[in-house]
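Here is the structure we will look at, set down as structure tokens.
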Amino acid sequence: MMLGLKLPTDPRWVNIVEKNVEDILTDHAFCEQKAASTAISLIVSFPEYTDLVQEMVALVKEEISHFKMVHDLILKNGWVLGRDRKDHYVAKLLQFFPKGGSRTTQLVHRLLYAALIEARSCERFRLLSEELEDKELAEFYRKLMVSEANHYTMFLGFARQYGERTEVDTKWQSLLEFEAEIMKDLSKSETIHG
């Protein structure tokens, strides 16, 4: 399951995760929190898109419940949630589309970014679910992987619904190629996207 991604994660990334479980869980917790924030932000920015608003309300609840699951796992291990760190992957990704444009264009771009971040998270979770030696943690990531895949298809579906289909698909392919270039420099740190 490649989710349209052009470059798979280097499997050696799992070895980095194994040695830095506390760091990866902290980063993961903030990824879930940011996903909830993205959903809220879309509601605030595009309230007239009723279908989107309804789905984003459901997504906020789901992402915050995932945040709690990760946070509970951190506490169960006797750790405390650390500080958030800059997500270099997302920062680089957000440079792809030019700023501005019509409201619809801005919405489509935000939906495509969200779809891609979910797709990459899903791919990473799949890798963790298959390769982690800690079977309990592997199972935890397997469960999360399933819902991330649904999020990816939902965001991409909305982008195609609200934008012009051919144009959206062209932008999506270009974004996937750009993301593959970013990934060549990543998979070297103990973060979900790093």
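All of the numbers you see were taken from the coordinates with simple rules; none came from a lab. This one's a predicted model, so the numbers in the text were calculated from it and none came from an experiment. All Cβ positions, glycine included, derive from the backbone under ideal geometry; neighbour counts span all protein chains shown.
When a footprinting reagent is the concern and you count Cβ atoms within 10 Å, what order do MET56, MET154 take, fewest first?
The order, fewest Cβ neighbours first, is MET154, MET56.
Could you work out [θ]222 nm for the chain from helices alone, using -39500 (n - 2.57) per DSSP H run of at least four and dividing by all its residues? Round to the nearest 500 deg cm²/dmol. Can you show the working numbers first?
Details: 7 runs with 142 residues, N = 194.
Value at 222 nm, helices only, nearest 500: -25000 deg cm²/dmol.
For HIS88, HIS151, HIS71, what ranking results if the residue with the fewest other Cβ atoms within 10 Å of its Cβ goes first? All intermediate terms of the calculation are to be shown ahead of the outcome.
Numbers: HIS88 15, HIS151 22, HIS71 18.
Lowest to highest Cβ neighbour count: HIS88, HIS71, HIS151.
Cα centroid distance between the stretch 163-181 and the stretch 92-159, in Å?
Answer, in whole Å: 15.
Show me 108-119, 29-40 ranked by packing, highest mean number of other Cβ atoms within 10 Å first.
Numbers: 108-119: 23.4, 29-40: 19.8.
Result, highest mean first: 108-119, 29-40.
Straight-line reach from LYS184: which lysines fall under 16 Å, measuring Cα to Cα and dropping same-chain residues less than 8 apart?
By straight Cα distance, LYS184 reaches LYS6, LYS92.
Tell me, SER102, SER121, SER41 in order of fewest to most beta-carbon neighbours within 10 Å?
Ordered by Cβ neighbours within 10 Å, fewest first: SER102, SER41, SER121.
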